[in-house]
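Working notes, structure below.
The values are calculated or read from the model by the stated rules, or taken from the named source; none is laboratory data. Predicted model, so just to flag it, every value in this text is computed and none were measured. A quick note on method: Cβ atoms are made from the backbone with ideal geometry, for glycine too, and the neighbour counts reach across all protein chains shown. For accessibility, only protein heavy atoms count, side chains too; no ligands or nucleic acids. Shrake-Rupley method; radii C 1.70, N 1.55, O 1.52, S 1.80 Å.
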Amino acid sequence: NEATIVATVPGIVRFQRGITEGTSVSKGGTVFTISADKLQDNPAKQAAIAYQTAKKEYERAAKLVKDNIVTQKEFNSIRANYESAKIAYEAFSGSKGGVAVTSPISGYVKTCLVKEGDYVSVGQPMMNVTQTRKLYLKANVPERYYSILGTVKSAKFKTAYSDRIYNIGAMNGRLVATGKSTGDGSPYIPVTFEFNNQADVMPGAFVETYLLTSERPGVISVPVSALTDE
């Protein structure tokens, strides 16, 4: 239940309001405006000129085709050019403050792919919207760690398709449940977390999970990169 919002016209991106990952949006609601007013090659003006030119040519050909001065094939080509120019012109019509880009579905912002002031081209992805606000992370913990499961507070995880380390806490996540027994025929204890679906995480993916326990006093820690085998 996800959708990608793409740029319908080229220009400079302007945010309609304070939109961040996790913000709710409504179907048909404006999330961006795209303005080309300050561009040297203003596509809105170019579309208007092309439309007026194509319209005059079409109206002229419509009269001449009746007397067979213009062939039907030529007239069809002129009409196709006119209709194409009309579509391009209507995309900019009434957009003095910029062309509004709306969300095709109601949901929550999953990822924002552009920033205020970015230049976008037609068809460029700008935002991903999802109707699934929450995702669950289930960690399968070997039963030998059962005695310390009560100290688990949060988690981090890494997907196979990205080098990014996702922090459950940073995504407004929380520990939902800690299993008290292993599953049927399984040597693992399930530990479940819930977090906002505001990152580029693929539902159903397998991940490498790091469980974070309570802080311990008097512990010296060093980064793994500082260790050598000798």
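Checked against (1) at pLDDT below 90; (2) under 25 Å from the mean Cα position of the chain (by Cα); (3) not hydroxyl-bearing (Ser, Thr, Tyr), PRO217 passes all but a single condition, namely (2).
Filtered by the rule that a residue be open to solvent by 30 Å² or more (accessible area, probe 1.4 Å) and at pLDDT 85 or above, region 31-54 gives a lone residue, THR53.
Among the residues of region 68-83, those identified as open to solvent by less than 80 Å² (accessible area, probe 1.4 Å) and either without any contact (Cβ under 8 Å) to a residue 12 or more places away in the chain or part of a loop (DSSP other than H, G, I, E, B) (or both) are VAL70, THR71, ASN76, SER77, ALA80.
A search for C-beta distances below 7 Å between a residue of region 1-21 that is open to solvent by 70 Å² or more (accessible area, probe 1.4 Å) and any residue that is of a type in the set (Gly, Ala, Ser), counting only pairs 6+ apart in sequence or on different chains, returns THR8/ALA91; ARG14/SER35; ARG14/GLY98. Condition first: aliphatic (A, V, I, L, M), free of Cβ contacts under 8 Å to residues at least 24 places away in the same chain and out of contact with any Gly (no Cβ under 9 Å at 6 or more places or on another chain). Can you find one or more residues in region 120-136 that meet it? No, that holds for no residue.
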